[in-house]
Amino acid sequence: MLRPPVLNWASLWKRSVVLTHCPSKSVMACELHAKRLEGVDKNIWVEFTQLAAEYKVVNLGQGFPDFSPPSFIREAFCNALNGGASMHQYTRAFGHPPLVKILAKFFGRIVGREIDPMEDILVTVGAYQALFCTFQALINEGDEVIIVEPFFDCYQPMVMMGRGTPVYIPLKPRKSTGPGLSSADWVLCSEELASKISPRTKAIVINTPNNPLGKVFQRDELQMIADLCIKHDIICISDEVYEWLTYDGEKHIKIASLPGMWERTVTIGSAGKTFSATGWKVGWAMGPGHIMKHLKTVHQNSVYHTATAAQEAVAMGFQKEYDTFGTEESYFKQLPAMLHAKRLRLAECLRSVGLEPIMPQGGYFMITDISGLKVDLNDPSTKGEPYDFRIVKWLIKEKGLATIPVSGFYSQEHSGDFQKYIRFCFVKEDSTLKAAEDILKQWRIKQIWL
Ligand code: IK2
C-alpha cells in the first residue's frame, strides 16, 4: 500500500510546488518529474554496463581501457595526493590554475593562437559535463541543433533537456559491402547539410574521431562545415575526446583552427581518453571567452568544480606531453601505436569468422555488419527491440561477450537503417581480445553463420 510522504520541511515544500500545478490536489495522483525529463530516461551505458556486469562477460562493450594508465600519470596523481593540504580542498571553480594554464599553452600551440587560460577554458567533470554545460548554456526553447549521425548518444537528450530540437543528418556509406570498408567511406552530403539549416539553427555538433564509426573528418569536410557555420552565423560544438587516436597516418584537425572558426567553436576534450584514465572524470570545454562565460554559469550552478588532485595530476601529465611533444616519449604517440596493433588484431579476428569490419581511421571502436549472423532470437524479454539490441543481448547472455548496438547512436528516424551493425571496443588488454577471439572462433566452428 502506498503511504503518504513523511511531512518534513523538504516534502512539505515539494508538496506545495506540486499542488500548485496539480488540480486534483494529490501528490500521489500527479507526476512529480519535470517535463524536461520526458523522453530522456533511457541510457544505453546504464543498460548495457549493468547487463555486462550481471553476466560476467568478456567486455568489448563500453569504451574504457582495461589496462592501467601510464606510470607517469599515476605517479602524478600519487604526488598530488601527497602534495599538501590544498590538494584535498576546493580549487578555482572553472579549473585548477595549473591545469588551465598548461591546457592553454598546449592547445594554443596546436590551434596557432594565444588562448587565455582564465577566460577560454572550463574544466569539467569529464567531457560529459562539458557537453552538458555547452547545451544548457547555449540552447533556448525552439532552437535547432544539427547533429551528425552516428553520434555519441548523450547529445540528443542534452539538447532536449535544453528544450531545443535536434535535427539529424547521417553520414552515409559510399559503398556498404565488399572488402576493405573504411570509416573514410562514410561521408556528409554538403547539399543535405545546407538543407537542414533554418533560421532557428543555433549549432552544429560534430565528433571527430567519431564514436562509434571511427571517422576522422578531413580538412575539406571540416571546411565545408565551417563555411556553413560562418555563412549562417552558427556555433560549432566539436567533440574531440579521441583527438590523439588516429591510425595509418591520419591527422586529427581541430575545426577551431580553421579561419574564422575559433570565435564560434566550443571544443570538448577528455583527460580520461587522453591518459587512459576514464574514471578520473576530468574534461574540458575550450572556446572564446564570450561563449565560455555562459558555460561557466551552468558549471558554477551545478557541480562547481571537479576533484582538485585529479586536475593537478592531469596538469602534470600535460606538462610532460608539452615537453615531449612529437617525440617517441610522448604518450600521445605511444597510445595510438599500441592501439593500432589492437585494432588490426580485432579486424583480423572478425574477418576470420566471416564478419566484415569497417576499419576505423581513429578512436576506440570498430563497427561490423552482423546481418549475416544466423541466430535464433527467441528471448521473449527482448521481443520488439531493434535487431542489433537483440543480437547484443543474446551475445551477452548466450556467448558471454559484450558489445554495443550501433542503432543506439542514431535518431529514431534513422536508426532502422543501422540495426545491422554492432560496435566492438578494442582498447583492451591482449588477453581480453584473445578471450573475445576464442568466443567468436568457437562459435564459428559450430557453423552458425549464414
Ligand atoms: N564524447 C564522446 C564522443 C565519448 O565517446 C565519450 C565517452 N564515451 O565512452 C562511452 C562509450 O562510448 O563507450 C564522452 C564524450 C565522455 O567522455 P568523459 O568520459 O570524459 O566524460
Q | Of the trypsin sites (Lys or Arg not before Pro) in the range 100-132, those whose Cβ has at most 14 other Cβ within 10 Å and which sit in DSSP loop | A | R113
Q.
Taking the alpha-carbon distance from K293 and a cut-off under 14 Å, which aspartates and glutamates remain once sequence neighbours fewer than 8 residues away in the same chain are dropped?
A. D116, E119, D120, E263
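List the pairs from K281/K428; K35/K383; K105/K333; K105/K428; K399/K420 whose alpha-carbon separation is above 21 Å, in the order I gave them. Walk me through the numbers on the way to the answer.
On the way: K281/K428 19 Å; K35/K383 29 Å; K105/K333 19 Å; K105/K428 31 Å; K399/K420 19 Å.
Where the Cα-Cα span goes over 21 Å, the pairs concerned are K35/K383; K105/K428.
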Q.
Residue by residue through the range 234-242, what is 3J(HN,Hα) from phi via Karplus (6.51 cos²θ - 1.76 cosθ + 1.60, θ = phi - 60°)? Round to whole Hz and write x for glycine and proline.
A. 10, 7, 10, 10, 10, 8, 10, 5, 9
Q: Express as a percent, rounded to the nearest 5, the fraction of DSSP beta bridges in the range 106-211 (both residues included) that run antiparallel.
A: 15 percent
(Q) Quick check: pseudo-label points 7 Å beyond the Cα along Cα→Cβ at A93 and D417, how many nm apart are they? (A) 4.4 nm
Q.
Suppose we keep just the alpha-carbon trace of the range 58-160; what are its Rg and Dmax in angstrom?
A. 17.6, 49
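Do any chymotrypsin sites (Phe, Trp or Tyr not before Pro) in the range 58-125 lie in a loop, going by DSSP, with at most 11 other beta-carbon atoms within 10 Å of their beta carbon, and if so which? Working shown, then result.
Details: sites: F67, F72, F77, Y90, F94, F106, F107; in loops: F67, Y90, F94.
For chymotrypsin sites (Phe, Trp or Tyr not before Pro) across the range 58-125 that sit outside H, G, I, E and B with at most 11 neighbouring Cβ atoms in 10 Å, the list reads Y90.
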(Q) As a footprinting exposure proxy, order Y55, Y304 by other Cβ within 10 Å, with the fewest listed first. (A) Y304, Y55
Q: Could you let me know the centre-to-centre spacing of the range 36-79 and the range 275-298, using Cα atoms, in angstrom?
A: 20 Å
Q | Computed FRET value (nearest 0.05) for A85 with M118, which takes r as the C-beta separation and R₀ as 22 Å | A | 0.35
Q: Please order R345, R200 by the number of other Cβ within 10 Å, starting at the fewest.
A: R200, R345
Q: Grab the DSSP H runs of the chain that are 4 residues or longer, score each as -39,500 (n - 2.57), total them, divide by all residues and round the 222 nm result to the nearest 500 deg cm²/dmol.
A: -12000 deg cm²/dmol
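Can you give me the relative contact order of the chain as a percent, contacts being Cα pairs under 8 Å and 6 or more apart?
Working: 806 pairs, mean separation 97.9, N = 450.
Averaging sequence separation for qualifying contacts and normalising by length gives 22 percent for the chain.
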Q) Which ordering of T201, T165 is given by a fewest-first count of other beta-carbon atoms within 10 Å? A) T165, T201
Q) Simple spin-label model, 7 Å along Cα-to-Cβ: A337 to L32 in nm? A) 5.5 nm
Q: Would you list which lysines come within 19 Å of K196, measuring only between C-alpha atoms, while excluding same-chain residues fewer than 8 positions from it?
A: K172, K231
Q | For the chain, built as a Gaussian network whose Cα springs stay under 10 Å, the top-fluctuating residue of M118, M359, M316 | A | M118
Q) How far apart, in nm, are two points set 7 Å out from the Cα along the Cα-to-Cβ line at D248 and at V187? A) 1.6 nm
**Q.** Residue among N301, N207, N59 with the largest mean-square fluctuation in a Gaussian network model of the chain, springs linking Cα atoms under 10 Å
**A.** N301
Q) List the aspartates and glutamates whose alpha-carbon lies under 15 Å from that of K441, not counting same-chain residues fewer than 8 positions away? A) E348, E356, E398
Q. Tell me, what ³J(HN,Hα) does each residue in the range 399-415 have, in order and in whole Hz, if you take phi through Karplus 6.51 cos²θ - 1.76 cosθ + 1.60 with θ = phi - 60° and put x for Gly and Pro?
A. 10, x, 10, 9, 9, 10, x, 6, 5, x, 9, 10, 5, 4, 5, 10, 5
Q) What FRET efficiency, computed as 1/(1 + (r/R0)^6) with R0 = 35 Å and r the Cβ-Cβ distance, is obtained for F72 and Q223, rounded to the nearest 0.05? A) 0.45
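For the chain, rounded, prolate or oblate, judged on the Cα gyration tensor with a ≥ b ≥ c (square roots of eigenvalues), a/c < 1.5 rounded, else prolate if a/b > b/c?
On the way: a/c = 1.33, a/b = 1.08, b/c = 1.23.
Rounded.
Within the chain, which is the longest segment containing none of the GluC sites (Glu not before Pro) that sit in a DSSP loop and have at most 15 other Cβ atoms within 10 Å? Don't skip to the answer; put the middle values down first.
Details: sites that count: E31, E38, E114, E141, E328, E329, E429.
Longest gap between qualifying sites, sites excluded: 142-327.
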Q) What span do the alpha-carbon atoms of the range 71-324 cover on each of the three principal axes, reported in whole Å from largest to smallest? A) 57, 44, 31
Q: Only bridges with both residues in the chain count here: give the DSSP antiparallel percent, nearest 5.
A: 50 percent
Q: For every other residue with a beta carbon closer than 15 angstrom to the beta carbon of G260, add +1 if it is Lys or Arg and -1 if Asp or Glu, then tell me the sum.
A: +2
Q: With springs connecting C-alpha atoms under 10 Å apart, model the chain as a Gaussian network and identify which of L245, L335, L131 has the largest mean-square fluctuation.
A: L335
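Each reported figure results from applying straightforward, stated rules to the coordinates on display, with no laboratory input. The shown structure was predicted, so the numbers you read here are calculated from the model rather than taken from an experiment. For neighbour counting, all protein chains shown are included, and Cβ atoms are generated from backbone atoms with ideal geometry for every residue, glycine included.
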